[in-house]
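The values are calculated or read from the model by the stated rules, or taken from the named source; none is laboratory data. Small disclaimer: the values here were computed from a predicted structure and weren't measured. When we count neighbours, we look across all protein chains shown, and the Cβ atoms used for this are built from the backbone with ideal geometry, even at glycine. Calculation scope for accessible area: heavy atoms of the full protein, side chains included, ligands and nucleic acids excluded. Shrake-Rupley method; radii C 1.70, N 1.55, O 1.52, S 1.80 Å.
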Amino acid sequence: MTKNQATARQRAFEKGQQAAREGRHDNRYPPISLDHDQYEQGFETEIETIFD
């Protein structure tokens, strides 16, 4: 994985976290992309943090 790819995955994860904080879930990444999974993972992680 290149540095740019790693940065993109991190950014997708953070977007998922931010969406959870704002009470929305609008994953705009294509379902086949790795960024989609990272967004979902960030969203779920933040939801678990909020409700624990």
Please list H25, H36 in order of solvent-accessible area, largest first, computed with a 1.4 Å probe with all protein chains present. H25, H36
Tilt, helix 34-51 to longest principal axis of the chain (alpha-carbon atoms), in degrees rounded to tens, equals 20
Once you have the Cα-Cα distance between T2 and I50, take 0.36 nm times their residue separation minus that, and quote the gain in nm to one decimal. 14.1 nm
With a 1.4 Å probe and all protein chains left in place, how much accessible area per residue does the chain have, in Å²? 74
The long-range amide H neighbours of N27, using H built 1.01 Å from N in the peptide plane and a cut-off of under 5 Å, are none
Phi-derived 3J(HN,Hα) across the stretch 8-17 with the Karplus relation (6.51, -1.76, 1.60, θ = phi - 60°), rounded Hz, x for Gly and Pro, is 5, 5, 5, 5, 5, 4, 5, 5, x, 4
Here, trypsin sites (Lys or Arg not before Pro) of the chain satisfying both criteria (DSSP loop; at most 13 other Cβ within 10 Å) are R24, R28
Specify which residue in the list A12, P31, M1 is farthest towards the positive end of the charge dipole of the chain, using unit charges on the beta carbon of Lys, Arg (+1) and Asp, Glu (-1), about the Cα centre. M1
